[in-house]
Amino acid sequence: MSKLIVLCAVVLTMASMNVAEAFDGHRKGFVVGGGAGFSPHASWESDALGNPDDDGAGTGINVFVGYGWDRANLIGFEGNIVKYNTDVDNKQVDAYQGFRGISWYHYFGDEGRSFFTVAGLGLYAYIFEDFDSNTDGTNDQGGGFLAGGGYEFMKHWQLGVYASGGRTRTPHYDYDHTHVNFLVSGLVF
C-alpha cells in the first residue's frame, strides 16, 4: 500500500510540472540526482538481545527525484542508505540500512554557491545478506527521519552531511538504527 501511495505522489508531481521549467539550470521544476560517499557510522541496537548493538563504517549513497517549487526549495522522494559489514550470529555479513521517504531541501543562495539544509520523514529499512548460507534477513520497516546540510560548490554539485535514524523490527525484537553519510551529489535541474 505504501508503494502505491509513493507511486501516486510521484506521478501527480510529474504531471503537474511545467516542462519548460525542467532542466533549465535553475532549481525550479523537475529535479533528479544522486550521490555517493563514505559513512563513518552505521549502527543497530536492540536492548532485548544479548549482544545489544553493532557499529560499522561503509559506503553511503543517495538518490533523489522531486520538484523545485521555487529556486530555494525542493521536495521529493529520497533514498539515503549505507552498506557495511556487521556481525550476525558470530559471522560477518553485508548489511544495508537506510532512510527512504519525503525530503525537503532548502537552499540559501543562488545556484552554484549556496549552503543548504535537508529534512525528511519516511521509513527506515534494514537488510543483511549471508552469502555463505545463501540467505538474507529483512526486518519490518518502521518510521525514519533524515536531517542534514551542506554546500552546493558548483552548479549541479554539492557536498552534504546526512544523519538518519529509525526503527525496524522482527517478530521478536525491536531495533534502533542510525547512520551518518558524507556524500558528493549531483542534481540535474
**Asked** touching a residue at least 12 places away in the same chain (Cβ under 8 Å), assigned to a strand (DSSP E or B), within 23 Å of GLY68 (Cα to Cα) and under 15 Å from the mean Cα position of the chain (by Cα) - does that describe any residue in the stretch 163-175?
**Response** yes
**Qualifying position, being at pLDDT below 85 and in contact with a strand residue (DSSP E or B) (Cβ under 9 Å, 6 or more places away or on another chain), among SER43, SER39, SER16** = SER16
**Prompt:** Counting just the residues of the stretch 112-133 that are over 24 Å from PHE77 (Cα atoms) and part of a strand (DSSP E or B), which one comes out modelled with the lowest pLDDT?
**Reply:** ASP130
**Pairs with Cβ under 6 Å, 6+ apart, first in the stretch 78-106 and without any contact (Cβ under 8 Å) to a residue 40 or more places away in the chain and within 11 Å of PHE64 (Cβ to Cβ), second charged (D, E, K, R) and in a strand (DSSP E or B)** = GLY79/ARG100
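The values are calculated or read from the model by the stated rules, or taken from the named source; none is laboratory data. Nothing here was measured: the structure is a model prediction, and the numbers come from that model. A quick note on method: Cβ atoms are made from the backbone with ideal geometry, for glycine too, and the neighbour counts reach across all protein chains shown.
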